[in-house]
Amino acid sequence: MIVVNLDVMMAKRKMSLGELSERVGITLANLSILKNNKAKAIRFSTLEAICEALDCRIEDVLEYRPD
């Protein structure tokens, strides 16, 4: 299972969902779906923009947990 740790990174960077949405250029609704582990896919360009905005690495945002 892939777990999205977006909320953890946002808290560490003291960044709101609205601010991240503006920086990344995706809607609040889509970002919320991702943050709440409801997304089925993510574009590499979106992942890159999130990592850039949060000044983090991909593995800070996505985590693999075996079932």
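Derivation of every value follows stated rules applied to the coordinates shown; laboratory data play no part. What you see is a predicted model, and the numbers here were worked out from it, not measured in a lab. Backbone-built Cβ (ideal geometry, glycine too); neighbour counts: all protein chains shown.
Simple rule: put +1 on each Lys or Arg Cβ and -1 on each Asp or Glu Cβ in segment 2-64, find the dipole, and look at Ala53, Ala39, Val8; the Cα lying farthest toward the positive end is Ala39. Only alpha carbons enter this Debye calculation for segment 9-67, each as an equal point scatterer, and the log10 of I(q)/I(0) it gives at q = 0.20 Å⁻¹ is -0.74. Bridging of Lys40 to aspartates and glutamates at a Cα separation below 16 Å is possible for Glu63, once same-chain residues fewer than 8 apart are set aside.
Annotation: extensible slack from Glu63 through Ser32 equals 9.4 nm (criterion: 0.36 nm per residue apart, minus Cα-Cα distance).
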